[in-house]
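Before any comments, here is the structure.
Values quoted throughout were computed directly from the atomic coordinates according to the rules given, and no laboratory measurement underlies them. The shown structure was predicted, so the numbers you read here are calculated from the model rather than taken from an experiment. Neighbour counts run over all protein chains shown; Cβ positions are idealised from the backbone, glycine included.
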Amino acid sequence: MNAKTLYDKLWDAHLVRQEPDGTALIYIDRHLIHEVTSPQAFEGLRLAGRKPWRTASVVATADHNVPTDPGESEIRDPVSREQVVTLDQNIRAFGALRYFPFRDPRQGIVHVIGPESGATLPGMTVVCGDSHTSTHGAFACLAHGIGTSEVEHVLATQCLIQKKAKNMRVRVDGGLPPGVYAKDVILAIIGRIGTAGGTGHAIEFAGEAIRSLSMEGRMTVCNMAIEAGARVGMVAVDDKTIDYFRGKPLAPKGELWERAVDYWRTLVSDTDARFDREVVLDASTLKPQVTWGTSPEMVTDIEGRVPDPAAFADPVKRDAAERALAYMGLEPGTPITEIPVDQVFIGSCTNSRIEDLRAAAAVVRGRKKAPNVKRVLVVPGSGLVKKQAEEEGLHRIFLEAGFEWRDPGCSMCLAMNADRLEPGERCASTSNRNFEGRQGAGGRTHLVSPAMAAAAAIAGHFVDVRELLPASA
Amino acid sequence: MEKFIRLDALVAPLDRANVDTDAIIPKQFLKSIHRSGFGPYLFDEWRYLDHGEPGMDCSKRPKNPDFVLNQPRYEGAQILLVRENFGCGSSREHAPWALLDYGFRALIGPSFADIFYNNCFKNGLLPIVLPTEEVDRLFRECEAMPGYRLVIDLPSQTITTPEGRVISFEIDPFRKECLLNGWDDIALTLRHADEIRRFEEAYRARHPYYFVEESAA
C-alpha cells in the first residue's frame, strides 16, 4: 500500500507543511533565474523590504535577450539591454551561488547550464520563471515553471505554494528506429494526448525507449512536458543519470558524492506504484515528426500530409485547424515533403545540446544549404556546448555548408533578440512552440528534430532524414 | 493584491481554443521591467493591423475591425469568455498583468493551462472553470444579446445571467480566501517561517550534498 511513484517521493521529501485542503508548502533546492521574469520579483522584494531566504540556492544567467551574433559584445536594443543590466544589478545587490552574465564563457540557456554546471542535481526541487523548467525533470528532479509572483515568493520564503498534482505515466516501449530521436518521441506523445493532455498531472516518462535515450535526449522529452500541459515531467534515476554528474563543478565530491548516489538510486517509482493515468506508445512504429499548425499537437510524420480541417469532428478543433492552415499558408492534402522552408533554426532549450549538434552535423557533413534557404542558424545552448562542438570540429561542418555558427542564447525560439522570422517566412525549427508569431510576427514555424531541421536546410524543403543518413547510422 | 468579492460587468467572447500566452502578450513587450502598462498591447497581433513595439502610442495604431475586443459593443468588458486550454505555453505573468491592465477581472472557460491559472490568482484575476456545455451556452447568449452582463459573486460561488439563471462554480478554498481578502501570499507563508527553518535544518542534515558550497564558504 505504501508503494510510491517518483513524483510522490520527490513531493514527500520536500513537503514542509500541508493544510487540510491539500494546499502545501514545498521546499525549493534550486532557484534558476533569468532576466525576463525576475525584475518585477526583485522589485517586489525591495518594495516590501524583504530579503532573499537563501541566496545560495540561486543560479542566474541572461539568455532570452542576448544577441547571438558571433563575438557581439554589446546588446544594441536599449530595452533588452536594460533588462539584462537590471539582472546584473539585482544579482549584485541580492547575491547568488553562481551568476553567468552575458559574455561569461559559461553563459547560456538557463536549462542547459543548470545541469551542465551541476547546479541541477537528482532529487532536487528546481524552479525557474520559465515554463521549460520541466527540462530538469530528466534528472529525477521535481522541476516547475513558475510565474513572477512565485519567483518573488521563492526568493522570500524558499518555498512554493502547491497542491499535489495527479500521477501520470507515459511509457514508450520498444526501440527507436534510426532517424527517430527524442524530439520525435515527445512530438508524437503530444500528438497523441494533446496540448492539454497532461494538465493537472506530473508526467513520468518511462519505458525502454526513454531508458535508451541519453541524458540530453531525456531533457528534450521533459522540456516539452509543458507542451503537453504538464508543469512537471520526469525520468527516474539510472546509471546514466549518475554518470552524467561525475566531475560536474557543483556536484558533491568524495564521501558526500557516495551518500548522494545512495539517495539518488532510490529515486525511481516503486514497481507496484499506482498512476492516475497511463499512456503507452510503441517507439518502433515512430517516424520523424513535423508539425503543420500553430499548436504542438498539430503534428504528423514526414510521410504524412497537411490534414483537411473538414475531417475534424470536433467543431472547436476544426475551427482551430482552419485558422492554423490560413496562418501557416498551407493547403489541405499537401505532402509534408513538398513544403519548402525559408529559414532553419537549430537551437533552444529543447535541442541545443552537444548531442543535438552532433545529430545535425551527421546529416550536414559534406553537403550544402539549398539555395532557396535564406538562413540557417545554429545556436549552441551554452558557451561550454559551443566550445565542445568546436573541439569536435562540428562548427566547420556547419560553416562549410553555409550555416551560421552563433553564440549561445534563446535566440529564434522566441525571438526576443534580433534573431527572428519576417512575416510569412517559413522555418524548420528545433524549438518547442509553433504558436502564431512565436519566432517573429507572421512567422511560420514547423517543429522538428535537429536532424530533420538539418535535412530541410540541405533539401530546401522537409525531407525524410532517414534517406540522408549514412547506412551505418 | 486587489480584493475580488463581487463583479457585475459586461462580457466579451473570445471564441478560440488553445489561446497561448504569446498571443495574449507577445514577446517584445516582455522586455519591460515593470508590472503595469501591458494593457494597450493585450492580444497585440490580433488587435492591431500593424506590428507593435514597446512604447508605441496605441491610440494611433490601425485596429483590426474583425477582432472581437475592437467591436464597440464589447468596450469596457471586464469578463472574458474563453475556450479550452486558455493561457497555454509560456509562464509569463505578463499575460495576467496585461488582461488586468486592459480591465478584465474575471475569465470564464472550460479549462485553463496550469501555470497561467495559478498566475491569475496571484494577481486578483479570477479564472472560473465551467463545464463545456455551460460555456457554450454563455457564448451563445453573449453573442445574441448586446450589452450582455454577468454577475459573479465569489462568496456564494455563483454567476447570475441577465435572465436570472444562477450557475455555481468550484474554487479552491485557500485561493478563494486569498482573493476575498486580497492577501499577499508571501506574508501568509512567512507566518510559518519557523516551521520552514526547522524543515530546512532537518533537510540539510539528511541531504548535505545539496548544500555543498554553503558549508565550504
(Q) Checking the a/c ratio against 1.5 first, then a/b against b/c, what shape does the Cα gyration tensor give for the protein assembly as shown? (A) rounded
**Q.** Selection from A:H461, A:L421, A:S382, by position along the positive dipole direction of the stretch A:371-473 (Cβ)
**A.** A:L421
Q) GluC sites (Glu not before Pro) within the stretch B:159-206: which are DSSP loop residues with at most 15 other Cβ atoms inside 10 Å? A) B:E163, B:E170
Q.
Suppose we keep just the DSSP beta bridges with both residues in the stretch A:291-467; what percent of those would be antiparallel, to 5?
A. 20
Q: Give me the net charge of B:P110's neighbourhood, meaning all other residues with Cβ under 15 Å from the Cβ of B:P110; Lys, Arg count +1, Asp, Glu -1.
A: -4
Q: For each pair in B:K31/B:K60; A:K4/B:K122; A:K166/B:K27; A:K166/A:K253; A:K163/B:K3; A:K9/B:K31, compute the distance between the two Cα atoms and list the pairs where it is over 27 Å.
A: A:K4/B:K122; A:K166/B:K27; A:K166/A:K253; A:K9/B:K31
Q: Check the straight Cα-Cα distances from A:K374 and name the aspartates and glutamates below 15 Å, setting aside those fewer than 8 residues away within the same chain.
A: A:D342, A:E404, A:D419, A:E422, A:E425
Q. In debye, nearest 20: dipole of the stretch A:6-277 around its Cα centre with unit charges on the Cβ of K, R (+) and D, E (-)?
A. 400
Q | Charged-residue dipole, Cβ positions (Lys, Arg, Asp, Glu), the protein assembly as shown about Cα centre, Debye nearest 20 | A | 800
(Q) How many angstrom lie between the Cα centre of the stretch B:30-69 and the Cα centre of the stretch A:183-225? (A) 35
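Counting DSSP beta bridges with both partners in the protein assembly as shown, what percentage is antiparallel, nearest 5?
Values: 25 of 78 bridges.
Roughly 30 percent of the beta bridges in the protein assembly as shown run antiparallel, per DSSP.
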Q. To the nearest 20 debye, what is the magnitude of the charge dipole of the stretch A:197-295 about its Cα centre, counting +1 on the Cβ of each Lys and Arg and -1 on the Cβ of each Asp and Glu?
A. 320
Q: Return the lysines within reach of A:K387: Cα separation strictly under 24 angstrom, same-chain partners fewer than 8 residues apart disregarded; answer none if there are no such residues.
A: A:K183, A:K240, A:K248, A:K368, A:K369
Q. When Lys and Arg each count +1 and Asp and Glu each count -1, what net charge do the other residues less than 10 Å away from A:F94, Cβ to Cβ, add up to?
A. +3
Q: Among B:E2, B:E53, B:E93, rank each residue by its count of other Cβ atoms within 10 Å, from fewest to most, as a rough exposure measure.
A: B:E2, B:E53, B:E93
Q) Rounded to the nearest 5, what is the percent of antiparallel bridges among the DSSP beta bridges in the stretch B:104-189? A) 60
Q) Once you sort the root eigenvalues of the Cα gyration tensor of the stretch B:6-183 as a ≥ b ≥ c, which label holds: rounded (a/c under 1.5), prolate (a/b larger than b/c) or oblate (the other case)? A) oblate
Q: Can you check what the net charge comes to around B:I33, using other residues whose Cβ is under 11 Å from the Cβ of B:I33 (Lys, Arg +1; Asp, Glu -1)?
A: -1
Q.
Sort A:K183, B:K31, A:K253 by Cβ crowding within 10 Å, fewest neighbours at the top.
A. A:K253, B:K31, A:K183
Q | Under 18 Å from B:K63, Cα to Cα: lysines that are on another chain or at least 8 residues apart | A | none
Q.
Given the options A:G118, A:I33, A:T199, identify the residue whose Cα lies farthest towards the positive end of the charge dipole of the protein assembly as shown (+1 on Cβ of Lys, Arg; -1 on Cβ of Asp, Glu).
A. A:G118
Q: Place +1 on the Cβ of every Lys and Arg and -1 on the Cβ of every Asp and Glu in chain B, take the dipole about the Cα centre, and give the residue among B:L188, B:F112, B:P62 whose Cα lies farthest towards its positive end.
A: B:P62
**Q.** Part-to-part distance (alpha-carbon centres) for the stretch A:390-436 and the stretch A:90-116, which is given in Å
**A.** 22
Q: Provide B:M56, A:M298, A:M412 in ascending order of the number of other Cβ atoms located within 10 Å of each residue's Cβ, fewest first.
A: B:M56, A:M298, A:M412
(Q) Could you tell me how far the Cα centroid of the stretch B:153-217 sits from the Cα centroid of the stretch A:251-284, in Å? (A) 28
